[in-house]
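Trainee: What follows is a single structure, and I will ask about it in a moment.
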Amino acid sequence: MTRLAAPLFALLIASPAWAQKEREPLLLEVTGRITDGEKKLEGCSVVVYEGNEVVGDQKTDKSGRFGLGMGLNKEFAVVFQKEGFLPKRVLIDTRAKIPADLAALPPVEMEMSMLRADKYEGADTDVLDFPFAIVSWNRSLLAFVQDQQYTVDMMRANGAALLQAGRSVKQ
């Protein structure tokens, strides 16, 4: 028993010095609020996928808020779902060459407005299966940011689907 105690004790003494040299892994904090365009949506499902595997799942609180911690050097799909609404997806690409001297990452804040499914009756909503937003690393800002042009294009696709739904109701 004495033979085991000495090596274990040495390992325990060495561990704090070793741990101080190791840097805590950085996480990308993603927080946000989900609404129906006007009201906060409580109980909205927020599901995180890495590839086809679910790696996180939570419900929004009474304020419609959620919070996620994303590991780096991965690609995630976040799916927002609630009965009566079309699901929305966001792609978060954390694969990046982040400077080693960066102590922390600025959080990503999202405001997600869900789409009422009944407004899209008669419309082809396949285009809305693509992510509504893409978040990736911006070297000049030293932050993860949303691709604004992509989001504008998806908003146009959403508008076209709404027009199609409106036309099918009139016929």
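Trainee: Relative to the Cα centre, what is the charge dipole magnitude of region 29-170, using +1 at the beta carbon of each Lys and Arg, -1 at the beta carbon of each Asp and Glu, and rounding to the nearest 20 debye? Could the numbers behind the result be given before it?
Mentor: Values: 18 positive and 21 negative charges, 64 e Å.
About 300 debye.
Trainee: Using +1 at the C-beta of Lys and Arg and -1 at the C-beta of Asp and Glu, which of LEU72, ILE134, VAL55 has the Cα lying farthest in the positive direction of the dipole of region 29-170?
Mentor: Final value for the positive-end residue is ILE134.
Trainee: Another one. Find the centroid of the Cα atoms in region 75-141 and in region 27-43, then give the distance between the two in whole Å.
Mentor: Rounded to whole Å, the Cα centres lie 12 Å apart.
Trainee: With respect to the cross-link table entries LYS40/LYS119; LYS62/LYS97; LYS62/LYS119; LYS62/LYS88, which display a Cα-Cα separation exceeding 29 Å?
Mentor: On the way: LYS40/LYS119 19 Å; LYS62/LYS97 37 Å; LYS62/LYS119 25 Å; LYS62/LYS88 20 Å.
Pairs exceeding the cut-off: LYS62/LYS97.
Trainee: Return the distance in nm (one decimal) between the two label points of a simple spin-label model at ALA103 and LEU142, each offset 7 Å from Cα along Cα→Cβ.
Mentor: Those two pseudo-labels are separated by 1.1 nm.
Trainee: Pull up the DSSP beta bridges for region 29-170 and report the antiparallel fraction as a percent, rounded to 5. Intermediate results must be reported in sequence, preceding the final value.
Mentor: Details: 30 of 39 bridges.
DSSP beta bridges in region 29-170 are roughly 75 percent antiparallel.
Trainee: Still on this model: Averaging sequence separations of C-alpha pairs under 8 Å and six or more residues apart, then dividing by the length of region 45-129, give the relative contact order as a whole percent. It would help to have the intermediate numbers written out before the result.
Mentor: Values: 105 pairs, mean separation 20.9, N = 85.
Normalised by residue count, the contact order of region 45-129 is 25 percent.
Trainee: Sorted by mean Cβ packing within 10 Å, highest first, what order do the peptides 63-72, 137-146 take?
Mentor: Numbers: 63-72: 16.5, 137-146: 13.8.
So the peptides 63-72, 137-146, ranked by packing, come out 63-72, 137-146.
Trainee: Now for a separate question. Could you list, bin by bin from short to long, the percent of Cα-Cα pairs of region 20-149 in 5 Å steps?
Mentor: For region 20-149, the pair-distance distribution reads 2, 9, 19, 22, 18, 14, 8, 4, 2, 1, 0, 0, 0.
Each value in this text was obtained by applying a stated rule to the coordinates, not by laboratory testing. All values reported here derive from a predicted model rather than from experimental measurement. All Cβ positions, glycine included, derive from the backbone under ideal geometry; neighbour counts span all protein chains shown.
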